[in-house]
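K.L.:
Okay, here's the structure, questions in a sec.
No value in this document is a laboratory result; all are computed from the given coordinates. These figures come from a predicted structure and were not determined experimentally. When we count neighbours, we look across all protein chains shown, and the Cβ atoms used for this are built from the backbone with ideal geometry, even at glycine.
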Amino acid sequence: MFEFGPLLIKKDAEKRADPKIQEVNSTIFQITNNGKYKVDATFTLRSTLAPEEGGAEGKSPFIIEPSECSLSMDETLQLRVYAFPEIAQLYTDQLVVLIKDNPNPVILPIQCLGAKPVVSVSSDTVLFERALLNKVLTKTLTLTNTCPIKINWRLKKIDGLPAEFSVTPISG
């Protein structure tokens with residue numbers, strides 16, 4: 001099983017030529033003809049097959065490029081497989097390699113986990129009661145990443161806080 005791991009949902013598959021997108025949302029399978037004859041191969045996903053041929057219901061997040069090739073002896077093809085999950089769930093599929101004049105397809109299982117950014121906050125409100133002058137009162141707000149992907153966040157408009165307030169981020 002090839003595991004893409006957790007991937008951010010709702011990325012645009014049309015931007016798959018972008019190197020930054022390829023780095024995260026794709027992988028390369030090297031297909032080599034190590035036989036004695038030329039090989040004509042077709043690549044498809046099991047999910048794209050008709051249900052009577054074993055295809056699954058629902059849209060697959062996987063894309064393969066190219067969909068076919070001819071390989072001479074000792075020639076290698078770089079088959080790129082993309083994953084663009086739409087919702088936060090586990091997706092599984094199979095890359096099916098059909099080789100001309102060979103009744104046995106090669107099947108490579110693949111999967112990815114669609115992930116949505118989720119952060120839990122320790123409190124909905126930070127409430128400051130009365131305080132004596134020149135006395136420091138500290139309140140802590142804890143943000144926790146509860147999803148399988150890295151979260152980037154920042155506090156906005158803290159420069160607009162009164163001088164009495166200071167914000168000290170603590171990473172961890």
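K.L.:
Compute the separation of the alpha-carbon centres of the stretch 1-17 and the stretch 122-172 and state it in Å as a whole number.
P.N.:
Between the Cα centres of the stretch 1-17 and the stretch 122-172 lies a distance of 33 Å.
K.L.:
Another question, if that's okay. Report, in deg cm²/dmol and to the nearest 500, the calculated mean residue ellipticity at 222 nm for the chain, where each DSSP H run with n ≥ 4 adds -39500 (n - 2.57) and the sum is divided by the residue count. Spell out each step's value before the answer.
P.N.:
Numbers: 1 runs with 7 residues, N = 172.
That calculation yields -1000 deg cm²/dmol at 222 nm.
K.L.:
Take the residue pairs K15/K36; K20/K59; K10/K38 and return only those whose Cα atoms are more than 31 Å apart.
P.N.:
Distance filter (> 31 Å) returns K15/K36; K10/K38.
K.L.:
Where a ≥ b ≥ c are the square roots of the eigenvalues of the C-alpha gyration tensor, would you call the stretch 2-115 rounded, which needs a/c under 1.5, or, failing that, prolate if a/b is larger than b/c, or oblate?
P.N.:
On the way: a/c = 2.54, a/b = 1.49, b/c = 1.70.
Judged from the Cα gyration tensor, the stretch 2-115 comes out oblate (a/c at least 1.5, b/c at or above a/b).
K.L.:
Okay, next question. At R0 = 41 Å, how high is the FRET efficiency between N104 and T144 if r is their beta carbon distance? Nearest 0.05 is fine.
P.N.:
On the way: r = 49 Å, r/R0 = 1.20.
FRET efficiency, N104 to T144: 0.25.
K.L.:
Once label points are set 7 Å from the Cα along Cα→Cβ at both M1 and S120, what is their separation, rounded to one decimal in nm?
P.N.:
2.6
K.L.:
If the only charges are +1 at each Lys and Arg Cβ and -1 at each Asp and Glu Cβ, what is the size of the charge dipole of the stretch 2-115 around the Cα centre, to the nearest 20 debye?
P.N.:
Values: 11 positive and 16 negative charges, 43 e Å.
My answer is approximately 200 debye.
K.L.:
Go ahead and run the numbers for FRET between F29 and N152, Cβ-Cβ distance against an R0 of 35 Å, rounding to 0.05.
P.N.:
Numbers: r = 31 Å, r/R0 = 0.87.
Calculated transfer efficiency: 0.70.
K.L.:
Something else: Mean separation of Cα pairs under 8 Å and 6+ residues apart, divided by the residue count of the chain: what relative contact order is that in percent?
P.N.:
Details: 292 pairs, mean separation 42.6, N = 172.
RCO, the chain: 25 percent.
K.L.:
Another question about this same structure. Which aspartates and glutamates does K157 reach when only Cα atoms under 20 Å apart count, and residues fewer than 8 places away in its own chain are ignored?
P.N.:
In chain and number order, the partners are D124.
K.L.:
Using 0.36 nm per residue of separation minus the Cα-Cα distance, give me the extension gain between N134 and L161 in nm, one decimal. Intermediate values should be presented prior to the final figure.
P.N.:
Working: separation 27, 0.36 × 27 = 9.72 nm, distance 1.76 nm.
Computed gain between N134 and L161 is 8.0 nm.
K.L.:
If you don't mind, another one. Computed FRET efficiency, Cβ-Cβ of R16 and T76, R0 22 Å: what is it to the nearest 0.05? Mind showing how you got there, number by number?
P.N.:
Working: r = 22 Å, r/R0 = 0.98.
Efficiency computed from Cβ-Cβ geometry: 0.50.
K.L.:
Follow-up question, since we're still on this one. So, by mean Cβ neighbours within 10 angstrom, what's the order for 109-118, 10-19 with the highest one leading? Intermediate results must be reported in sequence, preceding the final value.
P.N.:
Working: 109-118: 17.5, 10-19: 11.4.
The peptides rank, most packed first, as 109-118, 10-19.
K.L.:
I'd like to compare 80-87, 65-72: which one has the highest average count of other Cβ atoms within 10 Å, and what's the full order after that? Kindly include the intermediate steps, with their values, before the conclusion.
P.N.:
Working: 80-87: 19.1, 65-72: 13.2.
Result, highest mean Cβ count within 10 Å first: 80-87, 65-72.
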